[in-house]
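Only one structure is covered here, and it is reproduced in the block below.
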Amino acid sequence: VPILLHTFLYRKAASATGLPTFLLVGPSGAGKTALTMLTERGTVPTTHTSIAPLSIEALLPSPHVPASSHYRSPGDPAYERARRFILLDTPGHGKLRSYATQTLADPKHVRGIIFVVDAAAIDEDQALVDAAEYLHDVLLSLQKRHTTAKTSKGPAAIPVLVAANKMDLFTALPASAVKTKLERAITAVRDGRAKALRDGGAALSGGDDEVDEEKEWLGEGGEGAFDFDHMREVGTTVDVRGGCVGLGRSEGDAAGWWGWIGEQL
Ligand code: GDP
């Protein structure tokens, strides 16, 4: 029942307005709720329980400009319309992640995916593996969406922003290091999954195991390490940008993230 309810809420949120929607995903504690609240500042606050998705309608803050409206000026109705988007916060808890992946299976209004990670925690093995597994699965959903597309043109591209959050903490790694660490950890996740599939396949003996293995393999084939650039092949760009939400008295710095959202609008 909860899964149906959540799927329903997701669909409703996006289809009710038709606005471009950005899906907020990532491990618990990364700062998704904090980022949603930051985006929502100035609008009516919504209550949020961590198990339910939260959808808010937001405006791209100035001086950021929607890419589609570079030649229009503020005040122009088309410009103002282009600034509107929806941020859909998803539960990061392991058992609840299927809601996020289900939305990816039918992402009608999804314009982009924002994967939030805690750049100060990514140095810990468990946090890194946790983030890498989740991001691997998100990217694999996007890859499958592309490879199973019925049209030759393929579905509309869904870009991914890895928002390396909590840059205000001195233990935070810079975005470039977050990128390298995630790519390496995703390589390990992918290799582990492939080995598990092979072992499982061997146990079952025979069948179309090789075909399945290929479908489950993220990025380019071959022995090389996974690289976010591999995702371009399937129409997805992955950008890693640092920032922080800003809590209490400290100023947030989300300019890189707003900039990225603006590029997609
Ligand atoms: P979620 O589980 O991804 O929704 O994460 P939350 O938004 O609940 O944030 C988890 C914790 O990280 C909370 O205690 C936040 O106050 C804290 N937090 C979120 N963003 C930042 C940030 O940019 N800097 C710092 N220092 N703490 C943050």
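The values are calculated or read from the model by the stated rules, or taken from the named source; none is laboratory data. These numbers come from a predicted model, not from an experiment. With ideal geometry, Cβ positions are generated from the backbone for all residues, glycine too; neighbour counts draw on all protein chains shown.
Numbers at a glance
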item: Test: residue in segment 87-100 that is farther than 29 Å from Leu140 by Cα, within 16 Å of the ligand (Cβ to nearest atom) and at pLDDT 65 or above; result: no
item: Restricting segment 18-38 to residues that are surrounded by 24 or more Cβ atoms within 10 Å (Cβ to Cβ) and among the aliphatic types (A, V, I, L, M), the residue that is nearest to the ligand (Cβ to nearest atom); result: Ala30
item: Residue within segment 158-170 that is small (Gly, Ala, Ser) and either exposed (fewer than 13 other Cβ atoms within 10 Å of the Cβ) or modelled with pLDDT under 95 (or both) present; result: no
item: Members of segment 219-265 that are touching a Pro at 6+ places or on another chain (Cβ under 9 Å), part of a loop (DSSP other than H, G, I, E, B) and either at pLDDT below 90 or closer than 18 Å to Thr33 by Cα (or both); result: Gly235, Ala254
item: Residues within segment 152-182 that are among the small types (Gly, Ala, Ser), away from the ligand (no atom under 16 Å from the Cβ) and assigned to a helix (DSSP H, G or I), tallied; result: 2
item: From Ala149, Ala185, residue being farther than 15 Å from Thr237 by Cα, away from the ligand (no atom under 16 Å from the Cβ) and part of a helix (DSSP H, G or I); result: Ala185
item: Enumeration of residues in segment 172-208 that are at pLDDT 95 or above and of a type in the set (S, T, N, Q); result: Ser176, Thr180, Thr187
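Rundown of residues vs (1) part of a helix (DSSP H, G or I); (2) within 16 Å of the ligand (Cβ to nearest atom); (3) at pLDDT 85 or above; (4) over 26 Å from Met167 (Cα atoms), yes/no style:
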site	(1), (2), (3), (4)
Leu5	yes, no, no, yes
Ser68	yes, no, yes, yes
Tyr71	no, no, no, yes
Pro74	no, no, no, yes
